Amino acid sequence: MKIYPQPAELFISEVIEPVDQACERCDARSLARYRVVDYRGWLRVVKCRSCLHTVGSERIVSPVLSGDL
Amino acid sequence: MTTLAPQSIEVLGAYDVEARYGVDITTAEVIRHALEHIGLQMQIKINTASLSPLLSEVNDFGVGLLAPRDVDRDLDFDAIAMGTAAPGHYVINQFYARMAIEHWGAENFKPGDVIIFNEPYRGGSHINDVGTLMPIFHEDELVGFAAAITHWLDIGGPIPTGFGPGLQRDMYAEGIRISPRHLYREGELVRETVELFTEQTRIPDISVNDLQVIHSALKLGADMVLRYVNRYGRDAYAGAVQYSLDHTERAMRAALQAIPDGEWSAEDYMDNDMNGNPMLIRCTVRKHGGEVEIDYSGSSRNEWGGFACTWSDGVSGAHLGLQVALPESISPNAGAYRPVHVVLPPGSCLHALPPMATNAGHTMFIAKAINLVKRALTQADPAMAVAENYDDVLFMSFAGADTRSGVPTPFISMNLFQGPFGGTAQADGSCYTFQEGGNCVVTSVELEEESFPVLHLEREFVADTGGSGQYRGGPATRSVLVPLADCESSFQLDQCRIGPRGALGGGNGATGHIAVHRDALDIWAAGGDFGEPEILAGIVDASGRLVGEEVPGVTEFRSSKQAGVRVGARDVVIHQTPGGGGCGDAAERDPAAIARDIRNDIVTAGS
């Protein structure tokens with residue numbers, strides 16, 4: 001099991017990476033790439049922050065096991 | 001990347017079912033209900049045969065069935081039916097069992113195997129929760145698994161019961177950690193694995209029995225599945241499993257459609273971390289159509305000493321918070337989880353990073369995660385409004401030597417307390433109910449006193465402790481316990497500093513506390529005056545007297561989560577839960593309800 005240092009910052013947020021593209025469902029320019037957990041585990045998604053439409057997703061190893069924090 | 005296609009929410013007709021799943025609707029419905037029945041039968045097996053009160057009485061476990069792996073049907077060892085015991089466990093099984101299968105290798109299972117594991121960071125909850133898996137083979141084909149998560153009363157390590165908030169700095173101080181291994185190899189019990197429990201925990205006799213009980217429950221589930229597979233065939237069974245998950249998904253999406261679209265946030269504080277500082281937990285719920293995203297970004301970082309939980313616990317709390325907010329019951333299987341994404345930033349208190357201890361945090365944070373979803377949805381629709389309930393798994397353990405028989409025998413008594421719920425837009429908060437992630441049963445006083453040298457002298461509601469409102473919060477409960485042996489005690493009772501919040505103008509609930517009168521059993525029996533107690537948990541003034549609110553520089557907060565606390569024989573311990581928050585304007589409360597509360601000593605006249 002990998003071990004990690006405690007974060008220096010007091011409050012922790014997921015990094016939301018904007019994607020310069022319109023949502024195919026609602027046309028909003030609110031797409032972003034970030035990580036979520038669905039019913040089977042971890043995904044990196046490109047998703048509309050406005051209508052929650054998932055444009056694309058790929059299965060990833062959990063950050064704890066992959067070390068990709 | 002692949003595109004996720006949302007499921008239709010319409011009710012399927014008989015022809016649609018046969019065309020989509022390759023099984024007639026009658027058979028599909030028979031098997032759908034049978035799967036839920038099998039989960040309950042497995043649960044009853046554990047209840048009736050276990051020696052640990054956490055399994056026989058309290059229901060601190062989750063047991064059920066996993067689907068086959070079938071790419072064409074989009075099945076991948078998903079949870080298809082779980083008993084109704086502890087919801088926190090049956091959501092976790094979706095991850096804990098799956099990651100153990102991946103770790104072990106699905107191709108390495110053989111008929112009669114049982115694999116056992118307790119690695120919280122691989123999709124689990126905390127180290128006391130022992131996972132087990134039995135493959136279900138029909139002829140040579142793997143058609144699924146029977147799976148269980150059972151809370152072990154003690155898992156070794158420095159703290160009896162395993163709960164050591166503030167003392168277990170990291171995961172290495174929690175107890176034995178078991179990577180997946182055989183408990184049964186092709187039907188034969190593996191002695192070396194059993195000895196992990198008999199040699200390294202404080203409950204060897206219980207462990208020997210209960211490990212075999214779990215095997216029996218898993219085998220019961222596997223045998224019952226095979227009965228249906230033999231009767232209807234493998235394809236029909238797989239089709240019915242697919243149908244069952246889709247059926248639940250449609251029900252979940254239909255329930256979500258009834259909630260307005262939008263984005264709402266809520267926040268709460270844990271009383272303290274290991275250094276005494278409050279911990280902020282934030283939750284944002286985004287909802288559109290039949291999809292939901294629950295995001296805990298902005299929460300405090302994970303803290304040493306057990307003040308953090310695993311990501312899978314955070315996910316579990318998100319799902320449960322959503323499910324309990326919905327008006328209809330949704331079957332506990334993976335179909336209910338499909339419309340939901342959860343965002344859990346690594347390193348936050350809801351996504352601990354190794355080597356953080358998570359044993360105590362498991363119960364603290366899952367309760368907070370559940371409540372925050374409900375409170376965020378309060379803003380979506382006033383009809384869904386709910387004030388805050390007590391939100392921890394309240395316990396106080398006593399560990400020592402039982403000398404009642406004349407032969408000193410080690411004992412561990414784990415007293416679980418229920419607590420009050422907040423008022424809602426429809427009704428008063430319930431007075432004494434287990435929080436939703438546990439859904440556990442409190443053991444009977446008679447059983448506790450027979451089994452352990454601990455007296456249970458009182459359990460009473462406390463007037464004027466529930467938050468006021470059109471619908472008031474449930475009152476606090478005061479319990480009085482007296483160990484008859486010198487003991488080491490652990491306890492968790494959040495909201496001794498920051499009480500449950502009201503909703504829609506309702507009042508806040510009172511804070512809780514734990515106090516002790518040293519060597520005072522005889523005084524209690526004589527009805528004498530105890531004098532001022534020693535406050536173990538709560539806010540005190542400079543003289544050590546309990547006070548209601550903090551005043552910077554004047555008061556001191558004594559942590560509501562401690563381990564290694566000495567409690568002497570015949571000490572009188574007073575444990576008082578917080579009160580639930582109230583919902584709505586108190587001026588709108590029905591006068592008849594006020595009169596009823598006064599008659600029942602829930603509030604005092606003139607308060």
Quiz item: If you take the alpha carbon radius of gyration of segment B:317-363 and divide it by 2.2 N^0.38 Å, what ratio comes out, to two decimals?
Solution: 1.43
Quiz prompt | Gain on full stretching of the segment that runs from residue B:169 to residue B:48 - 0.36 nm per residue minus C-alpha separation | solution = 39.9 nm
Quiz item: Between residue B:522 and residue A:58, what is the spin-label point distance in nm, taking each point 7 Å from the Cα along the Cα→C-beta axis?
Solution: 7.5
Quiz item: Given the convex hull over the Cα atoms of the protein assembly as shown, what projected area results after averaging over all orientations, in nm²?
Solution: 30.4
Quiz item: Between residue B:199 and residue B:551, what is the spin-label point distance in nm, taking each point 7 Å from the Cα along the Cα→C-beta axis?
Solution: 5.8
Quiz item: For segment B:1-159, what are the per-bin percents of Cα-Cα distances with bins 10 Å wide, up to the bin holding the maximum?
Solution: 10, 34, 33, 17, 5, 1, 0
Self-check item: Inter-label distance, nm, simple model (7 Å from Cα along the C-beta direction), residue B:566/residue B:590
Solution: 5.4
Quiz item: Of the accessible area of segment A:30-69, with the probe set at 1.4 angstrom, what percent is carbon plus sulfur?
Solution: 44
Quiz item: What net charge is computed for the residues neighbouring residue B:193, neighbours being all others with C-beta under 13 Å from the C-beta of residue B:193, Lys and Arg scored +1, Asp and Glu -1?
Solution: -2
Self-check item: Gain in span if fully extended, residue B:16 to residue B:447, counting 0.36 nm per residue against the direct Cα distance
Solution: 149.9 nm
Quiz prompt | Descending Cα extents along the principal axes, chain A, whole Å | solution = 42, 28, 18
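About its Cα centre, what dipole magnitude does the protein assembly as shown give when the only charges are +1 on Lys and Arg Cβ and -1 on Asp and Glu Cβ, stated in debye to the nearest 20?
With Lys and Arg at +1 and Asp and Glu at -1, about 720 debye.
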Quiz prompt | Cα-based radius of gyration of chain B once divided by 2.2 N^0.38 Å, which approximates compact folds | solution = 0.97
Practice problem: As a check on your grasp of the helix formula, calculate [θ] at 222 nm for chain B: sum -39500 (n - 2.57) over DSSP H runs of n ≥ 4, divide by the residue count, round to the nearest 500. | Solution: -9500 deg cm²/dmol
Exercise. Work out, in µm²/s and without decimals, the Stokes-Einstein translational diffusion coefficient of segment A:30-69 at 10 °C, 1.306 mPa s, Rh from Kirkwood over C-alpha pairs.
Key: 151
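Please give the FRET efficiency for residue B:599 paired with residue B:258, using the beta carbon to beta carbon distance and R0 = 41 Å, rounded to the nearest 0.05.
Numbers: r = 37 Å, r/R0 = 0.91.
After rounding, the FRET efficiency stands at 0.65.
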Quiz item: Using a simple charge model, +1 on the beta-carbon of Lys and Arg, -1 on the beta-carbon of Asp and Glu, nothing else, what dipole does segment A:30-69 show about its Cα centre, in debye to the nearest 20?
Solution: 100
Self-check item: Neighbour-limited loop hits for trypsin sites (Lys or Arg not before Pro), segment B:512-560 (at most 13 other Cβ within 10 Å; DSSP other than H, G, I, E, B)
Solution: B:518, B:545
Quiz item: Roughly how many Å² is the accessible area per residue of segment A:30-69, as a whole number, for a 1.4 Å probe?
Solution: 29
Quiz item: So what is the orientation-averaged projected area of segment B:240-350, using the convex hull of its C-alpha atoms, in nm²?
Solution: 7.4
Quiz prompt | Interface B:A - total buried accessible surface [probe 1.4 Å, Å², rounded to 100] | solution = 3900
Practice problem: For segment B:311-391, give the percent of accessible area contributed by carbon and sulfur heavy atoms, probe 1.4 Å, rounded to a whole number. | Solution: 50
Quiz item: Given C-alpha coordinates of segment B:118-208, what is the ratio Rg to Rh with the Kirkwood estimate of Rh?
Solution: 1.03
Practice problem: Quick one: of A:2/B:287; B:45/B:110; A:2/B:110; B:45/B:287; B:45/B:561; B:219/B:368, which pairs are farther than 32 Å apart, Cα to Cα? | Solution: A:2/B:287; B:45/B:287; B:45/B:561; B:219/B:368
Quiz item: Among B:135, B:213, B:574, whose Cα sits farthest toward the positive end of the charge dipole of chain B (+1 at Cβ of Lys/Arg, -1 at Cβ of Asp/Glu, about the Cα centre)?
Solution: B:135
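The values are calculated or read from the model by the stated rules, or taken from the named source; none is laboratory data. This is a predicted model, so every value here is computed, not measured. Glycine gets a Cβ as well: all are built from the backbone with ideal geometry, and neighbour counts include every protein chain shown. Please note that ligands, DNA and RNA were not included when accessible areas were found on the heavy atoms of the full protein model with its side chains. Shrake-Rupley method; radii C 1.70, N 1.55, O 1.52, S 1.80 Å.
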